[in-house]
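Working notes, beginning with the structure itself.
The values are calculated or read from the model by the stated rules, or taken from the named source; none is laboratory data. The model shown is predicted, which means the values in this text are computed figures rather than measured ones. Virtual Cβ from ideal backbone geometry, glycine too; neighbours counted across all protein chains shown. Note: accessible area is taken over every heavy atom of the protein model, side chains too, but ligands, DNA and RNA are not part of it. Shrake-Rupley method; radii C 1.70, N 1.55, O 1.52, S 1.80 Å.
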Amino acid sequence: MQAVVVVVVAAQPDILFLQGIDYDYGGATIAALSAALDTAGQSYGYSFAARPNSGQRTGLDHDGDGRSNGPRDTQGFGYFPGQGGMAVLSRFPITTSEVRDFSALLWKDLPGAQLPRVKGRLFPDAGLYDHQRLSSVGHWAVPVRVGDQTLTLLGFHATPPVFDGPEDRNGLRNRDEIRLWQLYIDGALPAPPPEGAFIVLGDANLDPADGDGLRPAIAELLAHPRLQDPQPQSPGGAALSDPAHTGPAALDTVDWPEDGPGNLRVDYVLPSADLTVVDAGVVWPVDGAGGLSPELVAAASRHRLVWVDLRLP
């Protein structure tokens, strides 16, 4: 936790969207992190977390291996309920009574959903999709009051588009998890689209140029006319350029092993087009700049903190 605290204090975000933080009903985990940040001088008066889909068991065989009690036989990968959830910490008030949680949406009910099939039949069976949710972790629309305006955070964490078979179950799910926000912004879901300024943010687990997955999904989100891409960069990412990759290394946000997917851009902060981007970056130093060593940043997470400085309209 200490490495996370040091990185957050160095970045000093007013609003922090956390990924991979375990959820517990009493909020002890987020309270402990908030207390550690407060002690270090970075105080947040408001927080929000909800139960994620990760680790929620259904008693069904989700991955088609003939068993129903593994970590992949849950609404989202997890060894226990609440594993690897999400949370928001904010210096500004969070209107929790108006949060929209799309995490219970069934995958089959997403407009245009493409469910996995093998030889024309749903994988592993049609009955699963009467229970299978789309969100592997969650999709939240969280309103935050900044002065007299509301800024809505559209936060999510999509499944990695790998660890499956020819049915491409995880690849298709990743695609549709990203598409959910496009549909919501366009007013194509049974919920009114966000009013005023908003930000799509989180771990999409998909790079528009490199790595596995159905890359047009993230490319289309980045090109959405109601969004803008600040293209946050870092010297650390640029220094680890992979000749096998075609995307700009400076935009990468995660440091995966070179004998695996390598470094990719998978974490995003995409403000609505009516917001003014003042600056943006990825906390990934090469030489201890700002008092942060590359080793300490790596200890905090293999995913680097992405930040965007914004001015409301």
With the full set of protein chains in place, find how many percent of the accessible area of region 190-243 is carbon and sulfur; take the probe as 1.4 Å.
54 percent
Using the Karplus curve 6.51 cos²θ - 1.76 cosθ + 1.60 with θ = phi - 60°, work out ³J(HN,Hα) for each residue of region 106-116 in order, rounded to whole Hz, and write x for Gly and Pro.
5, 4, 5, 8, 6, x, x, 4, 10, 7, x
Largest fluctuation, ALA209, ALA126, ALA299 only, Gaussian network model of the chain with Cα springs under 10 angstrom, belongs to ALA126
Please list 3J(HN,Hα) in residue order for region 145-157, calculated via the Karplus relation 6.51 cos²θ - 1.76 cosθ + 1.60 where θ = phi - 60°; whole Hz, with x for glycine and proline.
8, 10, x, 9, 10, 10, 10, 9, 8, 9, x, 7, 9
With a 1.4 Å probe and every protein chain left in place, work out the accessible area per residue of region 105-159 in Å², rounded to a whole number.
41 Å²
Tell me the per residue accessible area of region 192-307 using a 1.4 Å probe; a whole number in Å² is fine.
43 Å²
Diffing region 217-233: the Karplus 3J(HN,Hα) column from phi (6.51, -1.76, 1.60, θ = phi - 60°), in whole Hz with x for Gly and Pro, holds 4, 6, 4, 5, 5, 4, 8, 4, x, 8, 10, 9, 10, x, 6, x, 10
Between VAL200 and residues 5 or more places away or on another chain, the pairs with built amide H atoms under 5 Å apart involve LEU154, LEU270, SER272
Pair ALA31, VAL99: separation of 7 Å Cα→Cβ label points (nm)
1.6 nm
In whole angstrom, how far apart do the alpha carbon centroids of region 1-79 and region 97-169 sit?
17 Å
Where does the charge balance sit around GLY211 when Lys and Arg score +1, Asp and Glu -1, over other residues with C-beta under 12 Å from its C-beta?
-3
Starting from the exponent 0.38 and prefactor 2.2 Å, build the expected Rg for region 138-228 from its residue count and divide its actual Cα Rg by it.
1.16
Counting only protein heavy atoms and using a 1.4 Å probe, what share of the accessible area of region 3-142 belongs to carbon plus sulfur, as a whole percent?
49 percent
So how compact is region 1-135: Cα radius of gyration and Dmax in angstrom?
18.2, 58
How much of THR29 can a 1.4 Å solvent probe reach, expressed as accessible area in Å² and rounded to 10?
50 Å²
When all Cα-Cα pair distances of the chain are considered, the percent exceeding 24 Å is 53 percent
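Tell me the mean residue ellipticity at 222 nm calculated for the chain from its helices only (DSSP H runs of n ≥ 4, each -39500 (n - 2.57), averaged over every residue, nearest 500).
On the way: 6 runs with 58 residues, N = 313.
That comes out to -5500 deg cm²/dmol.
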Simple SL model, points at 7 angstrom along Cα→Cβ for ASP125 and VAL162; separation in nm is 3.1 nm
Regarding region 180-313, what's the average projected area of the Cα-atom convex hull, expressed in nm²?
8.9 nm²
